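Structure, as structure tokens:
The values are calculated or read from the model by the stated rules, or taken from the named source; none is laboratory data. All of these numbers come straight from a predicted model, not from anything done at the bench. Methodologically, a virtual Cβ is constructed for each residue, glycine included, from the backbone with ideal geometry; neighbour enumeration extends over all protein chains shown.
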Amino acid sequence: MNPLSTGVQRRRVHYFSGFDARGPAHYHRLCRDEAAKPQPQGGVVQVGRREKQSRLFSRWQVSWQASAEAPESVQTEHVFMSWDDVIRAHWSRGPWALLREFVQTYAAIVRDVGPARVKQMYDNAYLTGILPAVYLLGTLLLGVLVGLALSLGMGAWGWLATPAVVAGLWVYGAHKGLFWLLRIFTFIIRMGRGPLPGLQARTTEWVNDIVQRQQQDPVDEVLLVGHSVGTLVMVDAVDQLMRDPRWQALQQGRTTGMVTLGQCYPFVAMVPRAGAFREALQRLCRAPGLLWWDVSARIDPLCFYNTHPLARSGTPHEGLPLPVLHNAKFFQMYEPARWARIRADKLQTHFLYLMTPDKPGNFHLCDVLYGPRGLQQHMAAKGLPEQGAA
């Protein structure tokens, strides 16, 4: 019998983080802090110490109990799939490098993706896409205007204000995450144009690790979980895994779970040279034995909300059974005062998927990753299909 339908006692989560160079230590602290909060769906979650197994893999144990005194528990091995070294290799530093990337990236976005197509899919994604360009060009214009105004009273000395104004505004923009956005867009465009150095080899290492862990220590449920750009880099890994004869033999009669949070697949899929990426996505959309739950939220400005990964890519996807799209209604899960603070920082709403909310609602990651119900049960409780692709 499929444990995804009957409840879980032992689980393994393979987690692919977004474009974040902070690595496993940061995500372990985040997991520990969110688990320590009162769980609105019930239960007590305890996170063990982080164990660095190699330069690529860290893990920690997570225990779920109905109460602190309950003898029964669900044990989850949380495996962090590191790629922060690849991120750092694409993390440009210095104003001139960023300025060069700004020009190259936006030229590619206009030429290869098309802002109009993005706007037709989701306004928030379009507005987020143009935000760094509007801000950076706006600061240059403002600096020139300030210099011009001061020069009328101070002569040539007034123009010295221009670099100071521009530098100050750029520092403020960096603090607010605008250069982080620009780096993300640059990385995504590079992904769409072909294999990135080091990522193909990393994919093979990830797949081998997933298979070997299940061979050596079989668990009831295996979940492959990605957030943000992590949903992009995991595509080839999951595609190779689902076609791997070793995995197919291990998972006979079992469903492999895939959970994607705040995805931005169409951004890559629309790039003309991203043919291999589109083909891998299309295979995942009909992969036998895969249950793919794609979670997005309307408030998230960095995702393609409620949008099929292959939308407007030119690749047929109508009628494909996966992914199952789910709208996380975060606005129902927070107290009004806290929700007002959350809405004030739009970029941070992209991380709500990873947080423990104030109140029960229709999505809570701790419950999905560590609780007693399997992925199919969670989806069935939301009125979503109970079966993966056949």
Say we look at the range 1-38 and pick out the residues that are modelled with pLDDT under 95 and among the polar types (S, T, N, Q); which of these is nearest to residue 75 (Cα to Cα)? 9
Is there any pair linking a residue in the range 374-390 that is over 17 Å from residue 284 (Cβ atoms) and polar (S, T, N, Q) to one that is at pLDDT below 70 and assigned to a loop (DSSP other than H, G, I, E, B), with Cβ under 8 Å and at least six apart or on different chains, and which? 376/2; 376/386; 376/387; 376/388
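Table: residues versus (1) in the same structural domain as residue 365 (by TED's automatic domain parsing); (2) under 30 Å from residue 188 (Cβ atoms); (3) assigned to a loop (DSSP other than H, G, I, E, B).
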| residue | (1), (2), (3) |
| --- | --- |
| 13 | yes, yes, no |
| 18 | yes, yes, yes |
| 27 | yes, yes, no |
| 39 | yes, no, yes |
Only listed residue being aromatic (Phe, Trp, Tyr) and either free of Cβ contacts under 8 Å to residues at least 40 places away in the same chain or assigned to a loop (DSSP other than H, G, I, E, B) (or both), chosen from 64, 60: 60
Restricting the range 90-105 to residues that are out of contact with any helix residue (DSSP H, G or I) (no Cβ under 8 Å at 6 or more places or on another chain) and under 22 Å from residue 197 (Cβ atoms), the residue that is surrounded by the most Cβ atoms within 10 Å (Cβ to Cβ): 100
Residues of the range 183-204 satisfying the condition of being more than 23 Å from residue 313 (Cβ to Cβ) and surrounded by 18 or more Cβ atoms within 10 Å (Cβ to Cβ): 183, 202
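Would you say residue 134 is part of a helix (DSSP H, G or I) and surrounded by 13 or more Cβ atoms within 10 Å (Cβ to Cβ)?
For residue 134, the condition - part of a helix (DSSP H, G or I) and surrounded by 13 or more Cβ atoms within 10 Å (Cβ to Cβ) - is not met.
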Restricting to the range 337-363, give me the number of residues that are part of a loop (DSSP other than H, G, I, E, B) and in contact (Cβ under 8 Å) with a residue 24 or more places away in the chain. 9
What are the residues in the range 283-296 that are in a loop (DSSP other than H, G, I, E, B) and either closer than 27 Å to residue 314 by Cβ or among the β-branched types (Val, Ile, Thr) (or both), if any? 285, 286, 287, 288
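Condition check ((1) within 23 Å of residue 368 (Cα to Cα); (2) part of a strand (DSSP E or B)) across all residues:
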residue	(1), (2)
223	yes, yes
234	yes, no
241	yes, no
257	yes, yes
266	no, no
272	no, no
277	no, no
281	no, no
Here the residues within the range 311-338 that are over 21 Å from residue 294 (Cα atoms) and either buried (at least 17 other Cβ atoms within 10 Å of the Cβ) or touching a helix residue (DSSP H, G or I) at 6+ places or on another chain (Cβ under 6 Å) (or both) are 334
The condition of being touching a strand residue (DSSP E or B) at 6+ places or on another chain (Cβ under 9 Å) and either within 17 Å of residue 232 (Cβ to Cβ) or modelled with pLDDT under 90 (or both) holds, among 193, 202, 183, only for 202
The one condition residue 207 fails out of (1) β-branched (Val, Ile, Thr); (2) outside the structural domain of residue 299 (by TED's automatic domain parsing); (3) at pLDDT 85 or above is (2)
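What number of residues in the range 55-89 are among the small types (Gly, Ala, Ser) and either surrounded by 18 or more Cβ atoms within 10 Å (Cβ to Cβ) or modelled with pLDDT of 90 or more (or both)?
5
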Being in a loop (DSSP other than H, G, I, E, B) and farther than 12 Å from residue 81 by Cα is the filter here, so list the residues in the range 43-57 that pass it. 43, 48, 49, 50
Taking residue 266 as the residue in question, decide whether it is surrounded by fewer than 18 Cβ atoms within 10 Å (Cβ to Cβ) and closer than 26 Å to residue 117 by Cβ. no
Residue check: is residue 108 surrounded by fewer than 18 Cβ atoms within 10 Å (Cβ to Cβ) and more than 17 Å from residue 354 (Cα to Cα)? no
The condition of being buried (at least 16 other Cβ atoms within 10 Å of the Cβ), over 22 Å from the mean Cα position of the chain (by Cα) and outside the structural domain of residue 113 (by TED's automatic domain parsing) holds, among 246, 254, only for 254
Check whether at least one residue in the range 269-279 is among the aliphatic types (A, V, I, L, M), farther than 20 Å from residue 118 by Cβ and surrounded by 19 or more Cβ atoms within 10 Å (Cβ to Cβ), and report yes or no. no
